[in-house]
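Worksheet: the structure to be examined is printed underneath.
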Amino acid sequence: MSIIGSEVLTIVSKYAFARERPSGALYYEALYSFPSGHATSAVAFFGFVLYTFFQETPNFRSKLNLFFTALVLIFLIGMSRIYFGVHYISDILAGYLVGAMWMVIGVALSEYQRSNASSTKLGIRQSHHLALFIGMVAFVCYLLYLHWHPFIGKS
């Protein structure tokens, strides 16, 4: 869900904003620039994989290593898009935000499904409401970013 949702929103956003890519790129990209699909996919995929591994990893040190490995991979993917000259920094940041929003939605849905299968405790239900609230806040932040960002639509 997090991968498919992030890809759909990224493609729709690319056509909605139609922001041209930077000139002088090392290779040609056919779609528009904003937001970065690679950055979006990196956060949505590696973030959800990290969440899945956290469920199975009991050791705090292992969780910390997994977290920083995912963080470095996500950062390097975003920076590679700037290095190749196919995105602006704002494209990468928006991609990270879209990916994080869909990762939170995927985690919330996964937790909701897991709690319905295992327990109906009040504490678990409250955590689902919190996760859904965080997902909605992330989505609103993305919309506000799109509305007030000064570089969107300019090449």
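The values are calculated or read from the model by the stated rules, or taken from the named source; none is laboratory data. Keep in mind that what you see is a predicted model, and the values were worked out from it rather than measured. Note that we place each Cβ from the backbone using ideal geometry, even for glycine, and neighbour counts take in every protein chain shown. The area values use the complete protein model at the heavy-atom level, side chains included, leaving out ligands, DNA and RNA. Shrake-Rupley method; radii C 1.70, N 1.55, O 1.52, S 1.80 Å.
Can you give the accessible area of Val8, probe radius 1.4 Å, in Å² rounded to 10?
90
Do any chymotrypsin sites (Phe, Trp or Tyr not before Pro) in region 24-69 lie in a DSSP loop with no more than 15 other beta carbon atoms within 10 Å, and if so, which?
Working: sites: Tyr27, Tyr28, Tyr32, Phe45, Phe46, Phe48, Tyr51, Phe53, Phe54, Phe60, Phe67, Phe68; in loops: Tyr27, Tyr28, Tyr32.
Passing both the DSSP loop test and the Cβ count: Tyr27, Tyr28.
Residue by residue through region 104-110, which ³J(HN,Hα) values in whole Hz follow from phi under the Karplus form 6.51 cos²θ - 1.76 cosθ + 1.60 (θ = phi - 60°), with glycine and proline marked x?
5, 5, x, 5, 4, 5, 5
Protein chains only, probe 1.4 Å: how do Leu9, Leu73 rank by accessible area, largest first?
Working: Leu9 35, Leu73 70 Å².
Putting Leu9, Leu73 in descending order of accessible area: Leu73, Leu9.
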